[in-house]
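Working notes, structure below.
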Amino acid sequence: MSTTLTSLAREGGGTVPQRIVNDFSLQVATANGSGSQTSNIVLMRAIFQMGIPVSGKNMFPSNIQGLPTWFTIRASKHGWTGRKKEVDFLVAMNPETAREDCMELEPGRVLVYDEPLKLNELRSDLIMVPVPFDKLVGPACPEAKLRKLVKNMIYDGVVAYLLDIDMEEIRKALFKQFGPKKVKAAELNWGAAQAGFTWAKDNVQIEQPYKIERMNANTGKFIIDGNAATALGAIYAGCTFVAWYPITPSSSLVESMIGYLRRLRTGPDGKGTYAVVQAEDELASIGMVIGAAWAGARAMTATAGPGVSLMSEFVGLAYYTEIPAVIVDVQRVGPSTGLPTRTMQGDILSNATLSHGDTRHPILFPSGPEECFSMAAEAFDLAEQFQTPVFVNTDLDLGMNVWASDPLPYSDASMNRGKVLTADDLERLGGFERYRDVDGDGVGYRTLPGTNHPAASYFTRGSGHNEKAQYSERPEDYVNNVDRLSRKFDSMRKVVPAPEVNYVDGARIGMVFCGTSREAVLESQDQLKREYGIEASTFRLRAYPYTEALDEFIGRHDRVYIVDQNRDGQLYQLMQLDLTAAQVAKLRSLRYYNGLPIDARSITDDIRGKEAA
């Protein structure tokens, strides 16, 4: 029986929105482990190949399979790729959540669903397209055991017809996803997608309000997740040693790195010139990283919040003994196990001051794949230049989700290894004192093991020491040492990546944010102006410690909203440690912490409410 726009209206299809081109949010609701990820990525990639700015966000459970999962595709001709709060087009395939998902849609939205779910009985104000998936999958897939997986590709064909997605782009995306070694599997799934398209063409006559039309916004871009981009950045930075313990959502970073290293880090004899060690736990992994870095390797680990907690004592050791190390923290929802497959910027405070006593660590905040790549490289330079642990704080949204990226900004500039003395240097100088501040920047000179000179060696102590690296419990030696470490931290302000600042003439309010908040904040800036006439400047923090630019930004506005993806306003709290009372008085905390990627509407509504109060 055909589904027509007339019959939909008669059966309660609601008011059809005006034609909306390249500007909607499509969500697919399935069950984890059902094989839907392939179908979803193919759908997103096909839209990407048609030149439309697009992003994909996977919200999946922490068990292996069976529980609900949602994949959201955002298409935006305006270039907004953050999560959209509202869902415009829903594909409901999971009986467990179908009714709830249906009830959450706003009137007039589109709902494609598995026919036996009978969602048309729930509402009369949606454009509903029931699809007989079980009837279609049989002819498309003769092998019964494969039908559960192939069934998902049918909705790709249905959606392609409804949205006017070119089926040739579906085919190209599908074969790219499966790769040259799985041609038969790709052909089977292509047949299922065609079956869905043909059924929709023959049975659904709807003037679909949401449409895809070709654009040219993706020239030169490609699709990659943040973890893979970070892995590549570390390799191009010269990293040769990785120690890790698997933990969601950082595991795929090292897994990607292993694959890339096998291709990119082999010697003339064909053997690897690197080491990747899966340690027994996170404490052991950071210990190995510190040992490798002390020996002269560029070394790193990747983890998440629980792993960082276990690394606390060793990170303090590296800070106090001044050994470089890079720690990539792909943040997730805590505390404890928390929601391990949801996103949050929940480790900002803990990373900045990790360990006991007085410690302060630099943090880099990438906002997209390009910066995952470039900041991974910058982290190694920063760590060696200042002889200290450096955190790269990404999050699950950036690390595990797929993003459209510009070419990764590779530079062939030589790596900055900092103040390393060679045998010739030592011969000329006659010796050195490991922890003496010679240049006034708080950074001493070091040597690497194996330097062939009698004056090259020194003790590396986690206990009290003086400028000569000799054991000391003298109060004046301790104070001199930790004051120098503080001075070193201040010196970093001139070297860390500069913020991204956008001043708007006449704006009385500003927004400060970091990382993946970028897309939502910039879209919110547009919404505030367009809908409420509120002008707002923006300040994207790219690194901690802060630069003087933050002081200027706060000074030029009456109120500054600090956008945090955590409950306690951690970025807001961290600023309070460094700013004056007058500056803090201008700050307002804006917090988002439900585990989903932050969206523009939530920021807009919060600021609008506070400004109207």
(request) Calculate the radius of gyration of the Cα atoms of the stretch 3-211 to one decimal place, then report Dmax, the largest Cα-Cα distance, as a whole number, both in Å. (result) 15.9, 49
(request) Determine the percent antiparallel among the DSSP beta bridges restricted to the stretch 503-613, to the nearest 5. (result) 0 percent
(message) On a straight-distance basis, which lysines could pair with K488 in a cross-link, Cα separation under 16 angstrom, same-chain partners fewer than 8 positions away excluded?
(response) K419
(message) Restricting things to Cα coordinates, could you compute the convex hull volume per residue of the stretch 224-405 in Å³?
(response) 98 Å³
(message) For the chain, what does the helix formula give at 222 nm: sum of -39500 (n - 2.57) over DSSP H segments with n ≥ 4, over the residue count, nearest 500 deg cm²/dmol?
(response) -12000 deg cm²/dmol
(request) Would you mind ranking Y210, Y561, Y274 by Cβ crowding within 10 Å, fewest neighbours first? (result) Y274, Y210, Y561
(request) Add +1 for every Lys or Arg and -1 for every Asp or Glu among the other residues with Cβ under 14 Å from the Cβ of L541, and state the total. (result) -3
(message) For F539, F373, which order do you get if you count the other beta carbons within 10 Å of each Cβ and list the fewest first?
(response) F539, F373
(request) Would you mind counting up the charge near V137? Only other residues with Cβ under 13 Å from its Cβ, with Lys and Arg at +1 and Asp and Glu at -1. (result) 0
(message) Please report the antiparallel percentage of DSSP beta bridges with both residues in the stretch 258-404, rounded to the nearest 5.
(response) 15 percent
(request) May I ask what percent, to the nearest 5, of DSSP beta bridges between residues of the stretch 3-211 are antiparallel? (result) 50 percent
(request) Count charges around M167 for me, please; just the other residues with Cβ under 11 Å from its Cβ, Lys/Arg as +1, Asp/Glu as -1. (result) -2
(request) Averaging sequence separations of C-alpha pairs under 8 Å and six or more residues apart, then dividing by the length of the chain, give the relative contact order as a whole percent. (result) 12 percent
(message) With unit charges on the beta carbons (Lys and Arg positive, Asp and Glu negative) and the dipole taken about the Cα centre of the stretch 500-612, which residue among A612, A520, V560 sits farthest to the positive side?
(response) A612
(message) Can you sort T343, T38 from fewest to most other Cβ atoms within 10 Å of each residue's own Cβ?
(response) T38, T343
(message) For the stretch 500-612, compute the orientation-averaged projected area of the C-alpha convex hull (one quarter of its surface), in nm².
(response) 6.5 nm²
(message) Which of the three applies to the stretch 411-488, rounded, prolate or oblate, going by the alpha-carbon gyration tensor with a ≥ b ≥ c and a/c under 1.5 meaning rounded?
(response) oblate
(request) Identify all lysines with a Cα-Cα distance to K181 below 20 Å; exclude those on the same chain that are fewer than 8 residues away in sequence. (result) K172
(message) Whole-Hz ³J(HN,Hα) for each residue in the stretch 436-449, computed from phi via Karplus 6.51 cos²θ - 1.76 cosθ + 1.60 with θ = phi - 60°, x for glycine and proline: what do you get?
(response) 8, 8, 7, 9, x, 9, x, 9, x, 9, 9, 10, 9, x
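Laboratory data are not the source of any read-out in this text; all were calculated from the coordinates shown. From a predicted model like this one, the values you see are computed outputs, not experimental measurements. All Cβ positions, glycine included, derive from the backbone under ideal geometry; neighbour counts span all protein chains shown.
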